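For reference, the structure is listed below as structure tokens.
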Amino acid sequence: MDELFDFQKLARKYKERVAIIDNKHTYTYQNLYDSAQNICDTNGIKMPYVVLIIKETRVFISEFIAVHLAGAIPIILTEQDLPNVPWLLKPLAGQWQWLTEFVDGVKNNQLRTGILFLGKTSGTTGNAKIYQRDWHSWRIGFERCFEVFEMNNDEIVMTTSSMATSLGLHTMLLSLYFGKSFYCFERYQPMHPLKSTIVYTVPTYLGLKDTNWAYNPNIRGIVSCGGELQNKLVKQWQTNHIKHALYELYGSSETSLVSWQKITQDKKPNDVGELFPAVTLEVNQHRRLIVSSPYLFCGYLGCNDHPITQVMTDDVGYYQDNHLYVLGRKSDVINHGGNKIYPSEIEHVLTHLTKSVVVFGVPDLVYGENIVAMVVTDETEPTLKSHAANYLPKYKVPTRYIFVDEIPKTPQQKISRALLTTDFMKGRWS
């Protein structure tokens, strides 16, 4: 039988330890179990799948656990997904319900398969998909994170990411699995962790202006995921937060853990560290990264591709001297006059004169795609053009610069070049 997520077992093990800290209020593991059991008893969960819409973090965690106590599988969606729910869950027609929905009839017992939840990909590389994640692959991944991110003495775990994201859920469940206290982060609330804290976040969040939370003296470590850390941001962070241990994690919703590193000095461009234990990597003829590991997901909803033995990512890169180098996403590669150009190459050059920069391609009748650089900077366009011309061959020099106060991001605080291209073609920066 597949390994199941059993919060009742965790509640018995950690009972009076603090499970959640929410705006100075604390809730023990027993409190959390009792709250989840009350939701389970109150709501008539009869379908094998239950849709949960993201809301206040502590309430969501109780609902997530309640669905499992009822022997069902949660499907994690946001309010923005509401109009598309029937389409997204078409393969599960007649098998799902809302948490508060009254379902008449006999309970439709679910064959427990070890599935932990169903989530929605961000859609930054194409159409959003519903992916399936099992408990076993994440649990053994938690053990690896505990080791490499040196979490033995950390008592509080926090994430700046929403529970709608894979990173948010991963961090929350990792915290509960090890009996830690999960801190419910609110961006505009003052932060009051009381003991040694490790924070899981994304690079774009580290680059925001309002990072006052990071000055809390109890933060011991930062784990950055969801995009490569640029050396400029690394240096800035190490200068402002000299006591933080800074780690980088490379992975995705589908692959989970792939590589990691602890950054103590300058960071090489495109370097995302060494492979996690038990991860093997192939690079095909197009430089696409193919990952095999025990941490992989269970496939996309509606696709009969279980068990998953490897995942071909959308990323291109190479493996050298026991380190993985990611050049970018295949979908982000710019085809300019027959030349394949990786945006990161240009971004690494422009980062010296900008506060933030993202490079993307836009369709062009003559060259196929033109190169656009969106920048946050006090420098002038002639200065940027001269600098780029000094360090890049002519065919890699951006053909247009867009000056903004802040790079637009997705609700998951990620930068999507595909969405920037779409907005550009709609005339947003005309």
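The values are calculated or read from the model by the stated rules, or taken from the named source; none is laboratory data. On a predicted model such as this, the values are computed, not experimentally measured, just so you know. Note: ideal-geometry Cβ built from the backbone for every residue, glycine included; neighbour counts use all protein chains shown. With ligands, DNA and RNA removed, areas are computed over all heavy atoms of the protein, side chains included. Shrake-Rupley method; radii C 1.70, N 1.55, O 1.52, S 1.80 Å.
The helix-based estimate of mean residue ellipticity at 222 nm for the chain, built from -39,500 (n - 2.57) per DSSP H run of four or more residues and divided by its residue count, is -7000 deg cm²/dmol to the nearest 500.
In terms of its alpha-carbon gyration tensor, segment 1-64 comes out oblate; a/c meets the 1.5 threshold, while b/c is at least as large as a/b. For segment 271-279, backbone phi angles converted through the Karplus equation (6.51, -1.76, 1.60; θ = phi - 60°) give residue-by-residue couplings of 7, 10, x, 8, 5, 5, x, 6, 8 Hz, Gly and Pro being listed as x.
Comparing GLU79, GLU369, GLU63 in a Gaussian network model of the chain, where Cα atoms under 10 Å apart are tied by springs, the biggest mean-square fluctuation is seen for GLU79. If you fit an axis through the alpha-carbon atoms of helix 166-177 and take the longest principal axis of the Cα set of the chain, what angle between them do you get, 0 to 90°, nearest 10? The angle comes out at about 40 degrees.
Relative to the dominant Cα principal axis of the chain, helix 381-391 is inclined by about 90°. I'd like the FRET efficiency for TRP98 and ASP34, computed as 1/(1 + (r/R0)^6) with the beta carbon distance as r and R0 of 22 Å, rounded to 0.05. Given R0 = 22 Å and the Cβ-Cβ separation, E is 0.45. With contacts taken as Cα pairs under 8 Å at a separation of at least 6 residues, the chain carries a relative contact order of 11 percent.
Listed by chain and number, the lysines placed with their C-alpha closer than 20 angstrom to that of LYS120 are LYS55, LYS90, LYS129, LYS409, LYS414; residues fewer than eight positions away on the same chain are left out.
Counting DSSP beta bridges in segment 10-123, what percent are antiparallel, to the nearest 5?
Within segment 10-123, antiparallel bridges account for around 30 percent of the total.
Apply the a/c threshold of 1.5 to the C-alpha gyration tensor of segment 277-316 and tell me whether it is rounded, prolate or oblate. Oblate, since a/c reaches 1.5 and b/c is not below a/b.
Label points 7 Å out from Cα along the Cβ direction at LYS243 and ASP423: separation in nm? Rounded to a tenth, the inter-label distance reads 3.7 nm.
Summarising the strand pairing of the chain, around 60 percent of its internal DSSP beta bridges are antiparallel.
Which residue, LEU301, LEU419, LEU365, tops the fluctuation ranking in a GNM of the chain built on C-alpha contacts under 10 Å? Result: LEU365 has the largest fluctuation of those listed.
Carbon-plus-sulfur accessible fraction, segment 114-249 (probe radius 1.4 Å, protein heavy atoms only): 49%.
With a 1.4 Å probe and every protein chain left in place, work out the accessible area per residue of the chain in Å², rounded to a whole number.
Values: 20140 Å² over 430 residues.
Result: 47 Å² per residue.
Under the shape rule built on the C-alpha gyration tensor, where the axes satisfy a ≥ b ≥ c, segment 143-263 is rounded, since a/c falls short of 1.5. In order along segment 155-160, phi translates into HN-Hα couplings of 10, 10, 10, 9, 9, 8 Hz, rounded to whole numbers, per the Karplus curve 6.51 cos²θ - 1.76 cosθ + 1.60 with θ = phi - 60° and x for Gly and Pro.
With axes computed from alpha carbons, what is the tilt in degrees of helix 29-42 against the longest principal axis of the chain, rounded to the nearest 10 within 0 to 90? The two axes meet at around 70 degrees.
Sequentially through segment 4-15, phi angles give Karplus couplings (6.51, -1.76, 1.60; θ = phi - 60°) of 10, 6, 10, 6, 4, 5, 5, 5, 5, 6, 10, 4 Hz, Gly and Pro residues having no value and appearing as x.
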